[in-house]
Amino acid sequence: MTDIQQIVYVVEDDEAVRDSLELLLKSDDKPVKAYERATTFLKDYSEQMAGCIVLDIRMPGMDGMELQKKLNDRHSILPIIFVTGHGDVPMAVDAMKEGAVDFIQKPYREEALLEKIEAALAQDLEQRKTLDEKQEIIRRIKSLTPREHEIMDRMIEGQANKVIAIELEISQRTVEIHRSRVMHKMGTHSLAHLVRMVLSVKNLIDAR
Amino acid sequence: MTEVVSENSEVTVLLVDDNPQNLKVLYETLKDKGYRLLIANEGEKALDLAQRHQPEVILLDIMMPEMDGYEVCQRLKADPETADCAVVFLSALDDLQTKVKGFSLGGADYISKPFQSQEVIARVKTHARVIRLERELQARNRELQGDQNRILNSISEGIYGLDAQGTIEFANPAAGVIMGCPIKDLIGRNFFETHFATAAQSPTSLPVNATCRQGIAENQRDIRMLRADKTGFPAEYRSTPKLDGDELHGAVVVFRDITVELESEQALDEARELVQEQRDQLAHTSRLTTMGEMAAGVAHEVNQPLTAIANYARVSKRMMAVENPNLTLLQETLDKIEAQSHRASEIIRRIRRFMKKPATGKEVLSVSVLLEDTRQFAEVDARNNDGAIELVIPDELPDILADPIQVQQVALNLIRNALEATRSAESALPVEVSARVTSEGCVRVEVRDHGVGLAEDAEENLFLPFYTTKDEGMGIGLSTCRSLIQAQGGDIGFERPEEGGTRFFFTLPVAIPSDTV
């Protein structure tokens, strides 16, 4: 579990809007970091960033939609709230399809924006927690010996100890020892929990 | 001899004497000299022959029974048909009294009896020639008079001949028609009193007066003249002095009624005004269309300061909610609110100015200020089109004389087109707006894009109304631009730079210092 501080990243080219939003969020005790250009933000970006992005959809140079695509390419999970102008709803819809959490139309009410920011931060926390959990599972899976890994796969498939022993041509007793090591290393006592844990990271493992 | 015949061939000489002997001598003397000779032995007969043949010369005896030579001469001179013939008296009477009486009755000459044939021949020859020349001269005179009358009669302008006091000595038929009365009623009247209502009050300031009195030619249009019935009409006239050497004899006045002319001029002016009105109307429509197209961008542009204001206001409230508010910080935030509200109203001001209906008329304008304002306006579009605008204006550019809104409309139109062209070519190069002075005393503004360039048939169609290459365009943009620029004495066009893209330009006349309003 990481303890990275959540920050609201504001990317907005209009100086007045950027400055006022920064002040507003600070007055609400939110840590804020503001960027004038999408490219500058992209340069600063790292996987370690936590929080959310309040992103102006229209900007000269790289616009909000482009930045979203670039971040998706880098598997960013930072939630994005798009700030749109009048008549940009079709663009916002496209942005939502690309995974943005929400959008808000200028000029907005502070409460509405803060609500959306709170929701985005909660989602980020949740995602980050899940991600941390998954990473823990993967770390544990990685600590298994090849033989233990093989036995775990068969356990998940529901093979009985006897079947495993015959197929691997080892004694049933040996299977039992491996089995208890797997359960210990994976930090669980129930086969059902083990199955759930492994399945939850299946995509991540397959992707490697 | 033939020569003599031909010289005298058409000359008729009438010989009048009651004495047959004398007649015979005269006849003998003058025959073979080529004259047609007529003979009469008494007064009545002489008159009758003279009536019928109009002789050039009459040799007339004074002492005759019944009617003497004096009476014959008198009657000849009284009859216009025979008045011009030369009467040469023949008489033995040779005293001064007789000669004087003869001359006083119109006689041309006198031959004393007994006469010498040489003298008779010489005198007849002289008088015959004089009369003949005189008759030719009269014939020529009549011809000229006829020509002159035909000319004067056929001219539609009225012509007056005035003496130095302004009395009408001559008037042509057109003068009668214009003044609405017969020519004879005009002749002899005073020009000034007849045709000007103010003749009595200010005689010297009247038209033609200076020509009559000082010999100065005049030419005026749209003066008020009176007809014979004292109704007025607008007139144009030219007056030239009648000079005989250095001596002034009055004036010749040529004038015409310009009522119809003024009416058609007014109709033309009205038509021109209508065209101008419609041009302004179309320009306005075009501006509204442009604003319609820019609405989304404009709304966005206004929303920026509004968003900032809302944020700052909320921040200010929070600052005030704490126990010991930081007044300095609060002040700063309120200043920011103020600045943003100015920013919003500036955008709205620019839009309202642009949408204003009637054109404000020509003003002396700074090209750089105008183009900078237009650039900021077009920024709205630059954002939508992901484009940029670069302004290159030399420091010492002279002012122009033009309608600011219409020039801005043209510049905005060209810049927006350039931005669109740049976007469709997916070029990252900015639209370049530049200005410079041309050798023709104009300021030339150029808008250069790096877009796909114009179609080949652009020359023929581009500035035509309702020609458009855009899906949503109405095709009134460029045609309106052209009519606006041309109406301000400028020109508009485009070029295809070698490196690609398009360069549109327009020119406007430089304001000369006296234009300053």
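Rule-based calculations on the coordinates, nothing more; no lab input. Keep in mind the model is a prediction, meaning the values are calculated, not measured. Cβ placement follows ideal geometry from the backbone for every residue including glycine, while neighbour counts extend to all protein chains displayed.
For segment B:1-138, restrict the atom set to alpha-carbon positions and state the Rg and Dmax in Å.
13.7, 41
Over segment B:2-150, what relative contact order in percent results from Cα pairs under 8 Å that are six or more residues apart?
On the way: 218 pairs, mean separation 30.2, N = 149.
Over segment B:2-150, the number comes to 20 percent.
Nearest-5 percent of antiparallel DSSP beta bridges in the protein assembly as shown?
Values: 48 of 88 bridges.
Looking only at bridges with both residues in the protein assembly as shown, the antiparallel portion is about 55 percent.
Taking each residue of A:101-109 in turn, how many C-beta atoms of other protein chains fall within 10 Å of its C-beta, and what is the average? If you can, show how the numbers build up before the last one.
On the way: counts 0, 0, 0, 0, 2, 9, 10, 4, 2.
Per-residue shielding by partner chains comes out at 3.
Under 20 Å Cα-Cα from A:Lys26, which lysines qualify once same-chain neighbours fewer than 8 residues away are excluded?
A:Lys106, A:Lys116, B:Lys317, B:Lys336
If you take the square roots of the eigenvalues of the alpha-carbon gyration tensor of segment A:143-207 and sort them as a ≥ b ≥ c, do you get rounded (a/c under 1.5), prolate (a/b over b/c) or oblate?
Working: a/c = 1.83, a/b = 1.62, b/c = 1.13.
Prolate, because a/c is 1.5 or more and a/b exceeds b/c.
Can you tell me which of B:169-176, B:413-420 comes out highest on packing, and rank the rest after it, using the mean Cβ neighbours within 10 Å? Kindly include the intermediate steps, with their values, before the conclusion.
Numbers: B:169-176: 19.9, B:413-420: 24.5.
Sorting B:169-176, B:413-420 by mean packing, highest first, produces B:413-420, B:169-176.
Grab the alpha carbons of chain B, take their convex hull, and tell me the volume per residue in Å³.
Working: hull volume 166.3 nm³, N = 517.
Normalising the Cα hull of chain B by residue number yields 322 Å³.
Report the dimensions of segment A:49-97 along its three principal axes from the alpha-carbon atoms, largest first, rounded to Å.
In descending order, the Cα extents are 31, 20, 17 Å.
Name the lysines eligible as straight-distance cross-link partners of A:Lys162: C-alpha to C-alpha under 17 Å, and not fewer than 8 places from it in the same chain.
none
Two decimals is fine: what's Rg over Rh for segment B:165-241, C-alpha atoms, Kirkwood radius as Rh?
Using only Cα positions, Rg/Rh for segment B:165-241 is 0.93.
Counting partner chain Cβ atoms within 10 Å of every residue's Cβ in A:8-19, what's the average?
On the way: counts 0, 0, 0, 0, 2, 2, 8, 2, 12, 10, 2, 6.
Mean partner-chain Cβ count within 10 Å for A:8-19: 4.
Which values of log₁₀ I(q)/I(0), to two decimal places, follow from the Debye formula for segment B:61-189 at q = 0.11, 0.15, 0.17, 0.22 Å⁻¹ with a uniform point scatterer at every Cα?
Log10 of I(q)/I(0), two decimals: -0.63, -0.80, -0.90, -1.24.
For chain A, I need the span (max minus min coordinate) of the C-alpha atoms along each principal axis, in Å, sorted largest to smallest.
Dimensions of chain A along the principal axes of its Cα atoms: 74, 32, 27 Å.
Suppose a student asked you for the relative contact order of chain B, using Cα pairs under 8 Å spaced at least 6 residues apart; what percent would you report? Display every interim value, and only then the final one.
Details: 841 pairs, mean separation 36.6, N = 517.
Taking the mean separation of contacting Cα pairs over the length of chain B, I get 7 percent.
Just tell me, in residue order, which DSSP H segments of chain B are both 18 angstrom or longer along the helix axis (alpha-carbon based) and at least -0.5 in mean Kyte-Doolittle hydropathy.
Numbers: long enough: B:117-154 (55 Å, -0.96); B:259-321 (83 Å, -0.44); B:327-355 (42 Å, -0.42); B:367-384 (26 Å, -0.27); B:404-424 (30 Å, 0.05).
Once both thresholds are applied, what remains is B:259-321, B:327-355, B:367-384, B:404-424.
Would you mind pulling out the separation of the Cα centroids of segment A:6-30 and segment B:183-243, in Å?
Result: 87 Å between the Cα centres.
If each DSSP helix of 4+ residues adds -39,500 (n - 2.57) and the sum is divided by the residues in chain B, what number results at 222 nm, nearest 500 deg cm²/dmol? Display every interim value, and only then the final one.
Details: 16 runs with 254 residues, N = 517.
Helices in chain B give a 222 nm mean residue ellipticity of -16500 deg cm²/dmol.
Can you give me the convex hull volume of the Cα atoms of segment B:271-515, divided per residue and expressed in Å³? Intermediate results must be reported in sequence, preceding the final value.
Numbers: hull volume 39.7 nm³, N = 245.
Output value, Cα hull per residue: 162 Å³.
Excluding residues on the same chain fewer than 8 positions from B:Lys77, give the lysines whose Cα lies under 29 Å from its Cα.
Within the straight-line cut-off, B:Lys77 pairs with B:Lys24, B:Lys31, B:Lys33, B:Lys45, B:Lys99, B:Lys101, B:Lys113, B:Lys125.
Classify segment B:404-450 as rounded, prolate or oblate, taking a ≥ b ≥ c as the square roots of the eigenvalues of its Cα gyration tensor: rounded when a/c is under 1.5, otherwise prolate if a/b is larger than b/c and oblate if not.
Numbers: a/c = 3.88, a/b = 1.72, b/c = 2.26.
Judged from the Cα gyration tensor, segment B:404-450 comes out oblate (a/c at least 1.5, b/c at or above a/b).
Looking only at Cα atoms, what is the convex hull volume of segment B:381-433 per residue, in Å³?
Taking the convex hull of the Cα positions in segment B:381-433, it is 77 Å³ per residue.
Which whole-number percent gives the relative contact order of segment A:6-129, counting Cα pairs below 8 Å spaced six or more residues apart? Kindly include the intermediate steps, with their values, before the conclusion.
Details: 187 pairs, mean separation 29.7, N = 124.
The normalised contact order for segment A:6-129 reaches 24 percent.
Report, in whole Å, the centroid distance computed from the Cα atoms of segment A:167-200 and segment B:280-352.
The distance from the Cα centre of segment A:167-200 to that of segment B:280-352 comes to 66 Å.
Once every Cα of the protein assembly as shown carries one equal point scatterer and solvent is ignored, give the base-10 log of I(q)/I(0) from the Debye formula at q = 0.05, 0.06, 0.09 Å⁻¹, two decimals.
-0.60, -0.71, -1.01
Around A:Glu169, under 15 Å between beta carbons, what's the net of Lys plus Arg minus Asp minus Glu among the other residues? Walk me through the intermediate numbers first.
Numbers: positive: A:Arg147, A:Arg154, A:Lys162, A:Arg173; negative: A:Glu150, A:Glu167.
Every neighbour counted, the sum reads +2.
Relative to the longest principal Cα axis of chain A, at what angle does helix A:64-73 sit, 0 to 90 degrees, rounded to 10?
It works out to around 20 degrees.
Quick one: putting +1 on the C-beta of Lys and Arg, -1 on the C-beta of Asp and Glu, what dipole do you get for chain A around its Cα centre, in Debye to the nearest 20? Please list the in-between numbers first.
Details: 30 positive and 37 negative charges, 272 e Å.
So the magnitude is around 1300 debye.
Using the Kirkwood formula over every pair of different C-alpha atoms, what hydrodynamic radius in Å results for segment A:86-155? Mind dumping the intermediate values first?
Working: mean 1/r = 0.0636 Å⁻¹.
Across segment A:86-155, the inverse of the average 1/r is 15.7 Å.
Quick one: helix A:146-157 against the long Cα principal axis of chain A, what's the angle to the nearest 10°, folded into 0 to 90?
Between the helix axis and the principal axis of chain A, the angle is about 80 degrees.
Could you pull the Cα extents of segment B:239-278 along its three principal axes, largest to smallest, in whole Å?
Taking the Cα atoms of segment B:239-278, the three principal extents are 59, 16, 7 Å.
Could you tell me which of rounded, prolate or oblate describes segment A:25-121, using a ≥ b ≥ c as the square roots of the eigenvalues of the alpha-carbon gyration tensor, with rounded for a/c under 1.5 and, failing that, prolate when a/b is larger than b/c and oblate otherwise?
Working: a/c = 1.43, a/b = 1.05, b/c = 1.36.
Cα axes put segment A:25-121 in the rounded bin.
Just report the Cα centroid separation between segment A:118-148 and segment B:44-103, whole Å.
159
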